[in-house]
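All of the numbers you see were taken from the coordinates with simple rules; none came from a lab. The model shown is predicted, which means the values in this text are computed figures rather than measured ones. Using ideal geometry, Cβ is built from the backbone for each residue, glycine included, and neighbour counts are taken over all protein chains shown.
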Amino acid sequence: MSSPSWALWFTKLPDLAARSDLAVSGTVTKIIDVANIGSDPTSGILQTTYQFAVDRVLVGDKAGVIRVSQSGGVDNQQKIVMDVDDDPRFAVGETAVLFLTEVTPGLYAVQGGPSGRFRLHDGLVSAVAANGVPVKDVPLNAFATRITG
């Protein structure tokens, strides 16, 4: 397990939205790639790129299918598994609300690590990070109205 110190951490939804290029709800549809970004191929510094199908845009204007990168993953060839303590890997089929920053053209990362990621289940939004933005079982429409403060 890796225990990163996040460069940015958010506890207020308007602050998170203001620092994000895009905020969307949707579904993780597949793993595109797992890359070992360490200088040593056996180091286990993995980055996974997922395909995310956007259902609703909350901030920004990018709809359709996007690519989202996340620290961690599984490299079956090198037999390496890397997990980040407070940021569980996305699962294919998972529905979520993500606040994103475009890191390279067409590739996004979650803003503020797990503080910019929310579970979406049966139309209800809940924070992934226990000490991030305080959201639990809020209907998506109500959550969307909270973004502007």
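Miscellaneous remarks
- Each residue of the range 10-25 is assigned a 3J(HN,Hα), and the resulting list reads 10, 10, 10, 4, x, 5, 4, 4, 5, 8, 9, 7, 7, 9, 9, 10 Hz, derived from the Karplus form 6.51 cos²θ - 1.76 cosθ + 1.60 (θ = phi - 60°), x at Gly and Pro.
- L98, L8 arranged by Cβ crowding within 10 Å, fewest neighbours leading: L8, L98
- If the chain linking S126 and T104 were pulled fully straight, counting 0.36 nm for each residue of separation and taking away their Cα-Cα distance, it would gain 5.1 nm.
- Residues in the range 121-149 reached by a label modelled at D85 [backbone nitrogen below 14 Å; 7 Å Cα→Cβ]: 130-131
- Expressed to the nearest 5 percent, the antiparallel share of DSSP beta bridges inside the chain is 90 percent.
- Radius of gyration and Dmax over the Cα atoms of the chain, both given in Å: 14.9, 47
- Rounded to the nearest 0.05, the FRET efficiency derived from the C-beta distance between R119 and Q78 at R0 = 22 Å is 0.15.
- Taking other Cβ atoms within 10 Å as a rough exposure proxy, V110, V135, V74 sort from fewest to most as V74, V135, V110.
- The range 98-105 - phi-based ³J(HN,Hα) in whole Hz, Karplus 6.51/-1.76/1.60, Gly and Pro as x: 10, 9, 10, 10, 7, 8, 9, x
- 5 angstrom amide H check on G38, placed H, neighbours 5+ away: I45
- Sequence-distant residues sharing a close amide H with V135 (under 5 Å, placed H): A127
- Rounded to the nearest 500, the 222 nm mean residue ellipticity of the chain from helices alone is -2000 deg cm²/dmol, with -39,500 (n - 2.57) taken per DSSP H run of at least 4 residues.
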